[in-house]
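As structure tokens, the structure follows; a few thoughts come after it.
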Amino acid sequence: MASESGSGLRPMHAGDLDRVLAWRNHPEVRRYMYTQHVIGRDEHQAWFERAHADPARHLLVFEREGRPDGFVNVTIVDEVARRAEWGFYLAPDAPRGSGRQLGEQTLAYVFRDLTLHKLCGEALAYNERSVRFHERLGFRQEARLRDHHFDGSGYHDVIGFGLLATEWSRESGSEVR
Ligand SMILES: CC(C)(COP(=O)(O)OP(=O)(O)OC[C@H]1O[C@@H](n2cnc3c(N)ncnc32)[C@H](O)[C@@H]1OP(=O)(O)O)[C@@H](O)C(=O)NCCC(=O)NCCS
């Protein structure tokens, strides 16, 4: 899954658990997730074992020049409609431009390798980086779900994004490598 730019996606394995947990628990990642408590090692391990055993879920590590710099989770939610949902985060110290590469490579994986029809994403409306990121990748805003999430102290809107396989090849300019 590596590209000519020296970056790529690979399956997450048990050896990545500590690294991915540290990214997930970082305040600048955690504050944009639906569950925002600090996740313990046991909870993380149980999540990994469950998710890893589920054939609908693709847990991926994004690497740049051999350095793990991000995590992506693609879940096929409808086999008939060929539709998946994704979630992702970068290592908090990932170099500039990592998000774009992580995004483009995930789209190639989803539409070229898995031949899915549609990828959906959700972002808390205050997560402006993620909103801009989805838009830059060619996603369309399909929903604004009002007061959709409660974080323990207040309600927040959630933005629903969607990208079709046909729009990916036409709008993103991605090449089939
Ligand atoms: C969401 C996320 C992956 C988006 O990545 P990103 O911030 O777009 O990552 P990039 O490194 O590609 O870009 C960083 C910024 O530098 C800019 N940039 C990227 N490459 C650049 C370059 N070569 N030269 C100049 N600027 C550049 C981008 O436009 C972006 O600016 P912006 O935030 O003003 O739009 C990342 O912010 C993240 O992991 N956030 C925390 C977790 C999270 O929110 N996950 C999503 C939940 S829905």
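Worth a mention:
- Taking the criterion of being within 16 Å of the ligand (Cβ to nearest atom), of a type in the set (A, V, I, L, M, F, W, C) and outside any strand (DSSP E or B), the residues of the range 109-129 that qualify are VAL110, ALA125.
- Number of the condition not met by THR106 [criteria: (1) in contact (Cβ under 8 Å) with a residue 40 or more places away in the chain; (2) more than 9 Å from the ligand (Cβ to nearest atom); (3) hydroxyl-bearing (Ser, Thr, Tyr); (4) under 22 Å from GLN36 (Cα atoms)]: (4)
- Pairs linking a residue in the range 130-147 that is touching a residue at least 24 places away in the same chain (Cβ under 8 Å) and assigned to a loop (DSSP other than H, G, I, E, B) to a residue that is among the basic types (Lys, Arg) and within 13 Å of the ligand (Cβ to nearest atom), with Cβ atoms under 9 Å and 6 or more positions apart or on different chains, are LEU137/ARG100.
- Candidates are the residues of the range 78-90 that are within 16 Å of the ligand (Cβ to nearest atom) and in contact with a Lys or Arg (Cβ under 8 Å, 6 or more places away or on another chain); the one that is farthest from LYS118 (Cα to Cα) is TYR89.
- Any hit, the range 93-101, residues being under 17 Å from ARG24 (Cβ atoms), surrounded by 12 or more Cβ atoms within 10 Å (Cβ to Cβ) and either touching a Gly at 6+ places or on another chain (Cβ under 7 Å) or without any contact (Cβ under 8 Å) to a residue 12 or more places away in the chain (or both): yes
- Options HIS58, HIS37, HIS44: the member that is out of contact with any helix residue (DSSP H, G or I) (no Cβ under 7 Å at 6 or more places or on another chain), more than 15 Å from the ligand (Cβ to nearest atom) and farther than 20 Å from LEU116 by Cα: HIS37
Where a number appears in this text, it was derived from the coordinates with a stated rule and is not lab data. Everything numeric here is computed off the predicted structure, so don't read it as measured data. All Cβ positions, glycine included, derive from the backbone under ideal geometry; neighbour counts span all protein chains shown.
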